[in-house]
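This report concerns only the one structure given below.
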Amino acid sequence: MNRIISFIVFGLLSLSAVGQDQTVGVFLNTPEAENGYTLIAPTASRTTYLIDNCGNVINTWQSDYLPGMVAYLLDDGRLLRACKKAASFSSGGSGGRIEMYNWDDQLIWSYDIADDVQHQHHDLAIMPNGNILAIVWDRRPDMEVIQAGRDPNSIGSSGVWYEKILELSPIGTDSAEIVWEWYLFDHLVQDFDSTKNNYGVIKDSPHRMDINYRNYFGTNPGPGDWFHMNAIDYNPELDQIVFSSRSTNEIYIIDHSTTTQEAASSSGGQAGMGGDFLYRWGNPEAYQRGTPIGQKLFGQHDAQWIDEGLKDAGKIMVFNNGIGRPSVDYSSIEIIDPPLDGFNYSLAEEESFLPLESSWTFTGENETAFFSTRVSGASRLANGNTLICSGNEGRIFEVDSTGNLVWDFINPVINFGPVSQGQVPSTNDMFRAYKYSPDYPAFEDRILFPGPKIENNPWPDSCVIYDNTVRVQENILNENVQVYPNPARSFVTLENNSSHALQVNIFNTMGSLQSSFEMDANHTKSIDVFNWNKGIYFASLSNGQTIKLIIAN
């Protein structure tokens with residue numbers, strides 16, 4: 001039985017009644033917004049929040065670690081979260097630990113990837129079989145890097161790190177089996193030193209990475225985090241992986257149907273190319289088949305396939321941060337339609353990968369409507385809208401298919417916790433955000449009660465959750481049931497005036513059952529609430545009514 005109960009709470013005052021500018025929380029919620037629950041993991045907080053469209057907290061998960069960086073709500077109600085763990089080397093987006101929590105905030109699995117030669121970072125991808133794809137920094141000795149063809153003058157004091165992708169099969173509560181691996185180091189090309197490995201012609205090797213490509217100028221050796229992978233996604237229909245490199249301004253697709261041995265080579269798998277790039281897009285200059293004029297991506301994040309059943313399914317959506325554009329810096333959302341040919345991608349001789357332009361681009365009402373220099377993401381929703389997380393701004397907003405703003409939220413959580421309404425937040429970054437529809441399997445047989453806002457001292461509002469299945473009645477008098485007193489301190493009485501018995505279940509705002517009983521027809525029931533915590537409770541009746549109770553102890 002797919003049973004989801006959610007609520008509309010009607011506020012008594014509108015925001016306009018408060019003589020101060022709003023700074024955080026929900027600024028706009030319209031009927032055109034996708035009704036659902038948004039997961040946010042503020043980068044400055046150890047708490048992950050699930051909120052409704054009015055900004056009310058539905059659930060929270062508390063970790064001992066800051067994000068490192070992504071968090072997902074899985075379809076069985078578990079939370080998958082990357083965490084920031086100290087290590088001997090790190091950079092932006094550092095993680096090092098992966099955690100899994102159940103719906104009730106119990107840590108049920110964790111796994112560390114953080115030592116002298118490897119460190120998990122940024123993103124994860126959950127697979128249909130329950131395995132997890134993790135992107136990991138791969139630290140190599142300088143001499144090995146030089147033998148691979150790297151220019152020694154481009155190696156700084158922190159060395160040069162590469163990337164690897166690990167497929168983890170969780171075991172028990174703190175272990176995992178690595179069942180598949182892919183290493184960038186196995187797929188390089190260089191034209192710097194003919195006496196070293198990987199020597200070749202860059203433009204003749206578009207399926208491999210130029211080990212000496214750098215998107216900055218001058219003689220500075222540059223950072224150890226040379227490639228800076230920041231996103232990963234898995235396509236089960238194609239059995240392929242897409243990932244994003246901020247430093248090269250490109251996204252890449254590789255074959256996952258290979259064995260680990262084939263993934264280290266240039267043959268094998270459904271595409272017959274082993275672990276070489278099947279596709280790349282965003283900056284053809286990186287493989288010497290283009291010029292700066294042809295660059296389309298600028299420090300992008302969150303490359304992902306649009307899921308089946310959604311508008312533009314099978315295409316790839318990217319948050320294009322836009323830092324370093326030729327004119328003015330601005331962010332945009334791009335959708336591209338790769339030229340898929342079986343399990344490969346069409347590429348003309350000496351040409352760059354198509355398409356020449358995105359199939360859809362969103363920049364807002366003007367090119368500076370939103371701009372995030374780092375982090376950020378976007379995703380397509382079930383109603384065709386697009387959810388956008390402009391992470392550096394601490395903002396999540398939703399637009400419809402014509403670009404109209406239909407939902408808008410500012411994260412109130414900073415380094416020291418949530419700010420008060422009216423206080424301007426800083427350091428309220430978010431890596432990404434995801435919105436889940438009410439029929440998402442994680443919510444099956446769960447009662448989703450709206451708790452308080454995230455921010456401190458929230459203002460009264462008149463926000464409405466549209467199209468929910470049950471409405472909470474603010475008045476205490478219903479057609480068949482009366483409740484008194486309400487608010488209550490010691491006892492609360494329910495009076496059943498109907499001609500049939502009723503089952504009554506009382507829940508707190510986190511959905512935990514507080515009391516359950518049956519009321520006979522035309523009878524009353526008094527409940528001792530003296531030891532209940534102060535706050536809001538909901539009485540769910542078998543006749544379909546739900547009554548809000550206030551305990552004022």
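The values are calculated or read from the model by the stated rules, or taken from the named source; none is laboratory data. None of these values were measured; they are calculated from a predicted model. A quick note on method: Cβ atoms are made from the backbone with ideal geometry, for glycine too, and the neighbour counts reach across all protein chains shown.
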Just give me the residues in region 398-417 being assigned to a strand (DSSP E or B) and either free of Cβ contacts under 8 Å to residues at least 40 places away in the same chain or outside the structural domain of GLU34 (by the TED database) (or both), in sequence order. VAL399
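For (1) more than 20 Å from GLU349 (Cα to Cα); (2) in a helix (DSSP H, G or I); (3) of a type in the set (Val, Ile, Thr), each residue gets a yes or a no:
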site	(1), (2), (3)
ARG280	no, no, no
ALA286	no, yes, no
ARG289	no, no, no
LYS296	yes, no, no
ASP307	yes, no, no
LEU310	yes, no, no
PHE319	yes, no, no
SER327	yes, no, no
Just to verify a result, which residue in region 100-119, among those that are out of contact with any Leu (no Cβ under 8 Å at 6 or more places or on another chain) and within 19 Å of GLU163 (Cα to Cα), is surrounded by the most Cβ atoms within 10 Å (Cβ to Cβ)? HIS119
Does ASN153 satisfy the criteria of being among the polar types (S, T, N, Q) and modelled with pLDDT under 95? yes
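Please determine whether any residue of region 179-197 is within 30 Å of TYR101 (Cα to Cα), in the same structural domain as ALA82 (by the TED database) and not aromatic (Phe, Trp, Tyr). Walk me through it before giving the result.
Of region 179-197, the ones within 30 Å of TYR101 (Cα to Cα) are 179-183.
Filter again for in the same structural domain as ALA82 (by the TED database), leaving 179-183.
Imposing the further condition that a residue be not aromatic (Phe, Trp, Tyr) reduces the set to 179, 181.
The answer is yes; a qualifying residue exists.
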Per the filter on region 177-194, residues under 19 Å from TRP137 (Cα atoms) and of a type outside the set (Phe, Trp, Tyr) are GLU177, ILE178, VAL179, GLU181, LEU184, ASP186, HIS187, LEU188
Among (1) farther than 30 Å from CYS463 by Cβ; (2) at pLDDT 95 or above, the one test that GLY92 misses: (2)
Considering region 340-356 alone, what residues qualify as being closer than 17 Å to SER267 by Cα, assigned to a loop (DSSP other than H, G, I, E, B) and of a type in the set (Phe, Trp, Tyr)? PHE343
Among what's in region 432-452 and is at pLDDT 95 or above and basic (Lys, Arg), pick the residue that is surrounded by the most Cβ atoms within 10 Å (Cβ to Cβ). ARG432
Identify the single condition in (1) at pLDDT below 95; (2) in a loop (DSSP other than H, G, I, E, B); (3) farther than 18 Å from TYR49 by Cβ that VAL424 does not satisfy, given that it satisfies every other one. (1)
All-but-one check, GLU334 against (1) outside any loop (DSSP other than H, G, I, E, B); (2) more than 22 Å from PHE27 (Cβ to Cβ); (3) touching a residue at least 40 places away in the same chain (Cβ under 8 Å), failing number (3)
Members of region 18-47 found to be over 20 Å from GLU398 (Cβ atoms) and either among the charged types (D, E, K, R) or in contact (Cβ under 8 Å) with a residue 12 or more places away in the chain (or both), listed by number: VAL18, GLN20, ASP21, THR43, ALA44, SER45, ARG46, THR47
Does any residue of region 67-89 turn out to be surrounded by fewer than 22 Cβ atoms within 10 Å (Cβ to Cβ), within 25 Å of ILE171 (Cβ to Cβ), of a type in the set (Gly, Ala, Ser) and at pLDDT below 95? yes
Neighbours by Cβ (under 6 Å, 6+ apart or cross-chain): first from region 425-447, under 17 Å from TYR466 (Cα atoms); second modelled with pLDDT of 95 or more and hydroxyl-bearing (Ser, Thr, Tyr): LYS435/THR38; TYR436/TYR37
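Just to be sure before I move on: is SER265 surrounded by fewer than 23 Cβ atoms within 10 Å (Cβ to Cβ) and touching a His at 6+ places or on another chain (Cβ under 6 Å) in the structure I sent? Steps first, answer last, please.
On the way: surrounded by fewer than 23 Cβ atoms within 10 Å (Cβ to Cβ): yes; touching a His at 6+ places or on another chain (Cβ under 6 Å): no.
So SER265 fails the test.
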Can GLY384 be described as over 21 Å from the mean Cα position of the chain (by Cα) and either in a loop (DSSP other than H, G, I, E, B) or more than 30 Å from SER94 (Cβ to Cβ) (or both)? no
Restricted to region 38-59 and to residues being over 15 Å from the mean Cα position of the chain (by Cα) and not in a loop (DSSP other than H, G, I, E, B), the residue surrounded by the fewest Cβ atoms within 10 Å (Cβ to Cβ) is VAL57
Among strands (runs of 3 or more DSSP E) entirely inside region 84-195, those with 2 or more residues being acidic (Asp, Glu) are 161-171, 175-183
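For region 531-540, state whether one or more residues are in contact with an Asp or Glu (Cβ under 9 Å, 6 or more places away or on another chain), assigned by the TED database to the domain that holds LEU502 and touching a residue at least 12 places away in the same chain (Cβ under 8 Å). I'd like the intermediate steps shown before the answer.
To start, the set of residues in region 531-540 that are in contact with an Asp or Glu (Cβ under 9 Å, 6 or more places away or on another chain) comprises none.
No; the residues of region 531-540 include none that is in contact with an Asp or Glu (Cβ under 9 Å, 6 or more places away or on another chain), assigned by the TED database to the domain that holds LEU502 and touching a residue at least 12 places away in the same chain (Cβ under 8 Å).
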